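J.: Have a look at this one before I ask anything.
The values are calculated or read from the model by the stated rules, or taken from the named source; none is laboratory data. As the structure is a prediction and not an experimental result, all values here were calculated from the model. For neighbour counting, all protein chains shown are included, and Cβ atoms are generated from backbone atoms with ideal geometry for every residue, glycine included. Quick note on the areas: whole protein, heavy atoms, side chains included, nothing else; ligands and nucleic acids left out. Shrake-Rupley method; radii C 1.70, N 1.55, O 1.52, S 1.80 Å.
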Amino acid sequence: MPKHPQAFLLHVVFGLAVDPAMKIKAKNSLGKFRGKLRWVSDIDIMKLSQNNSVRSPELLEFFYLAKKIYNPAYIQPEELIVLENFCETVDDILVSGKGNIHSQLVDASGIDKLAQESILREFIFMIFPASYMSLRVFSKFVVELGWPKESAAYLFNSADVSNRRGVSFREFLYFLATVDPNTSHGGGAAEIRCRYMFKFYDRDSDNLLKADEFKNVICDLRKAKKLPTDAPSVAKEAAETYKSMSISDGTPINVVDFLKAICDLKIRGTSTIFRSSIGIIKYLKEASDKSLPPSVGVSSIRQPAENVRGKMTALSPRTIDYEVAVHTIKIQRSGQAINIDEMRQIQEAVSMTTLKQPVNEQNRRISMDLFSQRSVSNEVLKGLRYITSINKIKDPKANYTWGQLDPTTFARNLINVCNQVREVFRVESRLLELNSPVYVMGDLHGNVADLLYFERTLWHIGPGLSPSNLLFLGDYVDRGAYSIEVISYLFSYKLQCPNKLNLLRGNHEIREVQKMFTFLKECILKLGDKLGNELWIAANNAFDNMPIAAVIDGKIFCCHGGVPPPWLCPVISAINDIPIPLSQPDVQSSLAWEIMWNDPVRPKTVNDKLAMELLANEGFAVNVRRGTAHIFSVEALERFLKANQLTHLIRAHEVAQAGFQVLQKGKLMTVFSSSKYCGGQNDAACVMADQGKLRILRLETD
């Protein structure tokens with residue numbers, strides 16, 4: 001493995017003469033394999049391979065090597081050297097330069113050598129003890145990249161270019177580059193993308209796109225263009241495309257005609273389809289498993305690869321490639337951002353021969369959405385600014401008015417934002433990994449006044465231009481009068497700055513809880529029954545996909561409620577196994593429920609009975625005050641932190657008079673970011689995690 005000279009994987013195949021008596025004795029072996037071993041012939045192996053019942057096709061290869069049989073159908077992977085019955089992986093298994101069309105593809109995707117090393121390490125973990133990736137392992141991985149399960153087999157056929165029913169490392173790498181959302185669609189990269197695309201849509205693998213298969217292409221193209229995808233519309237465009245290609249309607253299309261039609265612009269929009277919803281670089285950065293040892297040997301693999309959750313090793317921040325942004329922002333003396341212009345329009349400052357468009361097209365789209373005043377997220381934010389300027393948002397009992405703003409248009413835009421941000425949440429890890437500096441915010445509960453106060457104080461130009469990350473710990477809705485406005489702000493900026501603003505789920509982001517409090521009532525009161533219910537449903541569909549917890553700098557555990565018991569979460573990587581979406585957390589995931597609801601033990605409430613219960617249950621006891629979940633002792637917290645190499649817990653969930661509270665030997669911080677909660681006199685605060693310090697920032701409230 002690259003940069004790991006002590007790490008190796010060794011396959012040795014021995015040929016032995018076995019008499020019938022030995023076969024019978026082997027079949028009757030003792031232990032857990034008793035009655036499960038059987039001898040198979042080469043024909044049996046072929047049948048098992050064709051049924052995708054073997055982990056790797058190399059079983060056939062070993063057979064051919066041992067028998068010295070030449071198999072004309074076998075195509076040797078380019079990263080392997082085979083000499084008689086000896087097989088070895090080449091030293092330069094990573095792809096570099098632009099020597100061939102495949103290396104050009106990898107170069108166009110931005111997957112550099114550091115990323116390739118991470119992919120290779122995890123590839124070996126996922127497939128061990130095999131050398132190839134099977135359909136089963138491949139399917140689990142592509143689903144994590146955002147593909148629907150029903151597409152996995154067709155994607156595998158596309159990646160398995162040699163039709164050996166197993167994908168080698170380089171074939172896996174080329175596939176990732178092909179479907180990456182950041183891979184440019186031009187030159188050689190475009191051609192090879194289209195070849196993979198053809199293989200993907202060729203569902204029966206006969207090297208022809210039949211009428212129904214070609215309609216799948218047209219349907220996906222129309223979906224990408226946000227055009228109707230009903231059967232008549234798709235059939236009409238397919239017929240028009242056949243006509244433009246000068247072939248009869250429904251005629252099977254071969255790969256040459258397919259490529260020519262794309263080149264001649266008879267088929268348009270292929271650059272937008274056949275892409276993962278999350279790129280491999282982003283996937284690597286957000287992955288949860290940072291515990292791979294510097295040297296990986298056979299003994300370090302404890303379970304079959306297909307039982308290992310396919311999370312890639314996180315990349316070092318050094319792997320980030322910088323590029324010049326396309327906008328400039330002029331800032332007033334007051335601190336407000338004005339005059340947002342495209343940089344290339346400022347001729348006196350920029351040479352048009354040197355300034356290029358960003359390499360990362362996804363970042364460019366995010367940038368355009370962030371600064372384009374016509375984007376749906378900015379429409380919602382403009383509406384929000386107007387609403388908060390004409391209403392007395394510091395007085396929860398004041399009458400509410402929409403002024404000159406059309407509530408229907410605002411609600412439709414916000415529903416659109418909810419639907420889009422739901423997809424952003426869906427591809428995030430359940431356990432976020434963040435780097436400092438981070439502002440950590442507690443409960444807001446519909447208090448938009450304090451949210452805007454924090455903005456003016458800490459990130460007054462907006463989250464996208466703040467040098468610090470933002471982390472909100474949940475409970476955005478209920479109790480306060482401006483829950484709609486709070487989610488309008490948070491969801492819009494999450495859509496614009498998905499990696500800067502991070503939102504965790506609290507116990508009030510649950511439908512049954514909201515029905516007992518105010519969010520549903522607020523939606524109906526402000527927007528009416530029909531539209532109010534639509535917004536409430538869209539918001540909760542987004543809540544269902546929210547991450548559950550976060551870790552800052554690998555040391556600070558952050559969640560809404562508290563640490564879970566060890567029988568549900570022996571290590572925090574288990575959080576990534578929480579199902580998505582989570583519409584009924586009390587039924588679907590006890591772990592998520594505990595993280596959202598748990599509280600620390602209040603020292604003054606400990607009596608002999610509670611002390612015995614805590615002692616008998618590893619520091620956990622029934623949470624009588626909540627009527628659900630648990631309370632946890634300082635011993636339970638210390639055990640959790642030590643097991644996961646953490647130092648502190650930051651949580652919300654409980655009102656604090658000073659806006660914060662430090663408990664349990666200084667290792668637990670409760671933060672509450674809504675002042676005058678429910679008519680009280682508490683302050684609002686947040687925590688700044690930076691340079692090894694957790695600092696409390698408190699607002700001076702009126």
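J.: Would you tally the residues in segment 192-205 being part of a helix (DSSP H, G or I) and open to solvent by 20 Å² or more (accessible area, probe 1.4 Å)? Step through it out loud before you land on a result.
T.: Quick first cut of segment 192-205, residues part of a helix (DSSP H, G or I) only: 192-201.
Narrowing further to those that are open to solvent by 20 Å² or more (accessible area, probe 1.4 Å): 195, 199.
Summing the residues that are part of a helix (DSSP H, G or I) and open to solvent by 20 Å² or more (accessible area, probe 1.4 Å) in segment 192-205 gives 2.
J.: Now for a different question. Looking only at residues in segment 463-499 that are outside any loop (DSSP other than H, G, I, E, B) and among the polar types (S, T, N, Q), which one is farthest from residue 386 (Cα to Cα)? Let's see the steps before the verdict.
T.: Keep residues of segment 463-499 that are outside any loop (DSSP other than H, G, I, E, B), which gives 463-465, 469-472, 483-496.
The next check asks that each one be among the polar types (S, T, N, Q); those that pass are 469, 483, 488, 492, 496.
Values: 469: 26, 483: 16, 488: 12, 492: 15, 496: 20 Å.
Out of the qualifying residues, it is 469.
J.: A further question on this structure: Open to solvent by less than 40 Å² (accessible area, probe 1.4 Å), farther than 30 Å from residue 581 by Cβ and more than 23 Å from the chain's Cα centre (by Cα), is that true of residue 189? If you could, list the steps in order and put the result at the bottom.
T.: Working: open to solvent by less than 40 Å² (accessible area, probe 1.4 Å): yes; farther than 30 Å from residue 581 by Cβ: yes; more than 23 Å from the chain's Cα centre (by Cα): yes.
Answer is yes for this residue.
J.: Among the residues of segment 513-524, write down those that are without any contact (Cβ under 8 Å) to a residue 60 or more places away in the chain and not aromatic (Phe, Trp, Tyr). Full working, then the answer.
T.: Residues of segment 513-524 without any contact (Cβ under 8 Å) to a residue 60 or more places away in the chain: 513-517, 520-521, 523-524.
If the condition is that a residue be without any contact (Cβ under 8 Å) to a residue 60 or more places away in the chain and not aromatic (Phe, Trp, Tyr), then 513, 514, 515, 516, 520, 521, 523, 524 are the ones that fit.
J.: Let me ask another. Identify all residues within segment 175-186 that are assigned to a helix (DSSP H, G or I) and open to solvent by 10 Å² or more (accessible area, probe 1.4 Å); write none if there are none.
T.: Of all residues in segment 175-186, those assigned to a helix (DSSP H, G or I) come to 175-179.
The answer is none; no residue qualifies.
J.: Can you find a residue that is at pLDDT 90 or above, of a type in the set (A, V, I, L, M, F, W, C) and under 29 Å from residue 144 (Cβ atoms) anywhere in segment 232-243? Write out each step before concluding.
T.: Initial filter on segment 232-243 (at pLDDT 90 or above): 232-243.
Then drop every residue that is not of a type in the set (A, V, I, L, M, F, W, C), which leaves 234-235, 238-239.
From what's left, under 29 Å from residue 144 (Cβ atoms): none.
No, segment 232-243 has no match at all.
J.: Do we find that residue 233 is closer than 21 Å to residue 103 by Cα, without any contact (Cβ under 8 Å) to a residue 60 or more places away in the chain and either in contact with a Phe, Trp or Tyr (Cβ under 9 Å, 6 or more places away or on another chain) or open to solvent by 10 Å² or more (accessible area, probe 1.4 Å) (or both) in this structure? Spell out the reasoning first.
T.: On the way: closer than 21 Å to residue 103 by Cα: no; without any contact (Cβ under 8 Å) to a residue 60 or more places away in the chain: yes; either in contact with a Phe, Trp or Tyr (Cβ under 9 Å, 6 or more places away or on another chain) or open to solvent by 10 Å² or more (accessible area, probe 1.4 Å) (or both): yes.
Taking the combined requirement at face value, the residue does not satisfy it.
J.: Would segment 139-159 turn up any residue that is within 26 Å of residue 207 (Cβ to Cβ), touching a Lys or Arg at 6+ places or on another chain (Cβ under 7 Å), open to solvent by 10 Å² or more (accessible area, probe 1.4 Å) and not hydroxyl-bearing (Ser, Thr, Tyr)?
T.: Scanning segment 139-159, I find at least one residue that is within 26 Å of residue 207 (Cβ to Cβ), touching a Lys or Arg at 6+ places or on another chain (Cβ under 7 Å), open to solvent by 10 Å² or more (accessible area, probe 1.4 Å) and not hydroxyl-bearing (Ser, Thr, Tyr), so the answer is yes.
J.: When you scan segment 540-648 for helices (runs of 4 or more DSSP H) that lie fully inside it, which ones turn up with 1 or more residues that are open to solvent by 20 Å² or more (accessible area, probe 1.4 Å) and of a type in the set (A, V, I, L, M)?
T.: Values: elements: 585-588, 590-597, 608-616, 634-643.
Ranges flagged: 585-588, 608-616, 634-643.
J.: Taking the condition more than 18 Å from the chain's Cα centre (by Cα), surrounded by fewer than 21 Cβ atoms within 10 Å (Cβ to Cβ) and outside any strand (DSSP E or B), does residue 436 pass? Let's see the steps before the verdict.
T.: Details: more than 18 Å from the chain's Cα centre (by Cα): yes; surrounded by fewer than 21 Cβ atoms within 10 Å (Cβ to Cβ): yes; outside any strand (DSSP E or B): yes.
Yes.
J.: Yes or no: residue 198 under 31 Å from the mean Cα position of the chain (by Cα), of a type in the set (Phe, Trp, Tyr) and more than 30 Å from residue 429 (Cα to Cα)?
T.: Details: under 31 Å from the mean Cα position of the chain (by Cα): yes; of a type in the set (Phe, Trp, Tyr): yes; more than 30 Å from residue 429 (Cα to Cα): yes.
Spelling it out, residue 198 is indeed under 31 Å from the mean Cα position of the chain (by Cα), of a type in the set (Phe, Trp, Tyr) and more than 30 Å from residue 429 (Cα to Cα).
J.: Another question about this same structure. With part of a strand (DSSP E or B) and among the polar types (S, T, N, Q) as the only criterion, which of 507, 502 stands out?
T.: That would be 502, the only listed residue that is part of a strand (DSSP E or B) and among the polar types (S, T, N, Q).
J.: Related question: Exactly one of these conditions fails for residue 653: (1) over 28 Å from residue 513 (Cβ atoms); (2) within 31 Å of the chain's Cα centre (by Cα). Give me its number.
T.: So residue 653 meets the others, but not (1).
J.: Separate question: For residue 395, only one of the following conditions fails: (1) loosely packed, with under 15 Cβ neighbours inside 10 Å; (2) within 30 Å of residue 576 (Cβ to Cβ). What is its number?
T.: Looking at each condition in turn, residue 395 falls short on (2).
J.: For residues in segment 268-280 being in contact (Cβ under 8 Å) with a residue 60 or more places away in the chain and more than 15 Å from residue 175 (Cβ to Cβ), which is farthest from the chain's Cα centre (by Cα)? Break it down into steps so the answer makes sense when it comes.
T.: Residues of segment 268-280 that are in contact (Cβ under 8 Å) with a residue 60 or more places away in the chain, as a first pass: 270-271, 273-280.
Subsequent filtering for residues that are more than 15 Å from residue 175 (Cβ to Cβ) retains 270-271, 273, 277.
On the way: 270: 24, 271: 22, 273: 19, 277: 9 Å.
Restricting to residues being in contact (Cβ under 8 Å) with a residue 60 or more places away in the chain and more than 15 Å from residue 175 (Cβ to Cβ), the top hit is 270.
J.: Scan segment 172-199 and report the pairs whose first residue is at pLDDT 90 or above and whose second residue is acidic (Asp, Glu) and part of a helix (DSSP H, G or I), with Cβ atoms within less than 9 Å and a gap of 6+ or a chain change.
T.: If the second residue must be acidic (Asp, Glu) and part of a helix (DSSP H, G or I), the pairs left are 177/107.
J.: In addition: Within the bounds of segment 439-462, is there any residue that is among the small types (Gly, Ala, Ser), assigned to a helix (DSSP H, G or I) and either at pLDDT 95 or above or open to solvent by less than 30 Å² (accessible area, probe 1.4 Å) (or both)? Before you say what the answer is, go through the steps one by one.
T.: Filtering segment 439-462 for residues among the small types (Gly, Ala, Ser) gives 442, 446, 449, 462.
Those left that are additionally assigned to a helix (DSSP H, G or I): 449.
Next, only the ones that are either at pLDDT 95 or above or open to solvent by less than 30 Å² (accessible area, probe 1.4 Å) (or both) stay: 449.
Checking segment 439-462: at least one residue is among the small types (Gly, Ala, Ser), assigned to a helix (DSSP H, G or I) and either at pLDDT 95 or above or open to solvent by less than 30 Å² (accessible area, probe 1.4 Å) (or both).
J.: Report yes if some residue within segment 421-431 is in a helix (DSSP H, G or I) and open to solvent by less than 10 Å² (accessible area, probe 1.4 Å); otherwise report no. Show your work before the answer.
T.: Filtering segment 421-431 for residues in a helix (DSSP H, G or I) gives 421-426.
Those left that are additionally open to solvent by less than 10 Å² (accessible area, probe 1.4 Å): 421, 425.
Checked against the condition, which is being in a helix (DSSP H, G or I) and open to solvent by less than 10 Å² (accessible area, probe 1.4 Å), segment 421-431 yields at least one hit.
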